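The values are calculated or read from the model by the stated rules, or taken from the named source; none is laboratory data. Computed from a prediction, not measured in an experiment: that's the story for all the values here. Here the Cβ positions follow ideal geometry from the backbone for every residue, glycine too, while neighbour counts run over all protein chains shown.
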Amino acid sequence: MADAERQLAVEGAQRVRVAACALTAGLFFFGGQLWVAVIGAKEPTVGVLQGLYPALHGMAAAKIDPRTIHEQFLVGHQYSLIASFVISNLGALGMLVPLRYLAAAESARSPTPSKVTSYLALYGPILLAVFLPAFEISLIIGAHSYLSHSARTAAAITAATAGGLRVALQLILTVGTLSLAAAFILISLRSMRIGLLTRLMGIVGIIGGVLFLIPLTPLPVVQSLWLVFFAAMLLQFGGRPLPEAWTVLEPRPWPARERVPRQPRQPRSAPAPRGARRGGASEPAVPAPVVPSAPSPSASKKRKRRR
């Protein structure tokens, strides 16, 4: 009992700091990526005809490689690119505080705690925050090396921008992205199951993790919104209480929705007669009285003649 109270007291004392880190991480990560997208929109593109120009004129390679404009763009916008990636990766580094906080809370309540989620929440943001700017800086250094020489051929640009160091940086960056995506997915799923996150928050967190792997949008809108909403939940923004699992050291899963069985379709009844009253039983139709018809005078005359 004392351990449970101590754990709840520690979580309560860290709640405001974690919410501040989550809010800052969401804003910085989105703002940095937005700045990168704005800078990238100014980059000149290489057209199809420009790329096929050497082949159309019977040349093995162009004297000036079309990718030169990309290297010139990197050098011309190097400071703004580095600054935008630093801001973005400060946001990525700040993700480890809310992710580790949520992973620790989930492990304290789960009957089958997992140590993998805590490691993913720690190393995923660190790898992304460190090696993404390093990879971008290596590309800028390669562009400087390429433009400092007189040769502008494809072999020169490949020698300046390729190399084992950049391959290693890209590989580590890929591992960091996979780790961060797995942290979002697993922590959101496990926390939703024991009641620390609502179903909506859990589903949004899982979608955010998938979008790290399959970036359907150029900006991390879903991941940033999840961090902001998580901060709002911890601060009980709008007077909304925390989920019940935060107040006790045991899982409080959300109740499953009960499915109402479908009633079998009743056969359609025959249409009511016109004389039936609305809302009441229909009265049997009374046949109209038959009035005997009087014999016509022409028929009586014919009978007299026959006699």
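If you go through the stretch 13-35 and keep only what is surrounded by 16 or more Cβ atoms within 10 Å (Cβ to Cβ) and over 20 Å from the mean Cα position of the chain (by Cα), you end up with Q14, R15, V18, A19, A20, C21, W35.
Restricting the first member to the stretch 178-196 and to residues that are closer than 13 Å to I206 by Cα, and the second to residues that are of a type in the set (D, E), the beta-carbon pairs closer than 9 Å and six or more apart or on different chains are I187/E106; R190/E106; S191/E106; R193/E106. For the stretch 145-164, indicate whether the set of residues that are of a type in the set (F, W, Y), in contact (Cβ under 8 Å) with a residue 24 or more places away in the chain and within 24 Å of V204 (Cβ to Cβ) is non-empty. For the stretch 145-164, residues of a type in the set (F, W, Y), in contact (Cβ under 8 Å) with a residue 24 or more places away in the chain and within 24 Å of V204 (Cβ to Cβ): absent. In the stretch 53-81, the residues that are farther than 18 Å from T161 by Cα form Cβ pairs under 6 Å with partners that are surrounded by 16 or more Cβ atoms within 10 Å (Cβ to Cβ) and modelled with pLDDT under 60, at six or more places apart or across chains, as follows: P54/A62.
The requirement of being at pLDDT 90 or above and more than 24 Å from the chain's Cα centre (by Cα) is not satisfied by A129.
For L196, the criteria (1) of a type in the set (A, V, I, L, M, F, W, C); (2) under 14 Å from the mean Cα position of the chain (by Cα); (3) crowded, with 21+ Cβ neighbours inside 10 Å hold in every case but one, which is (2).
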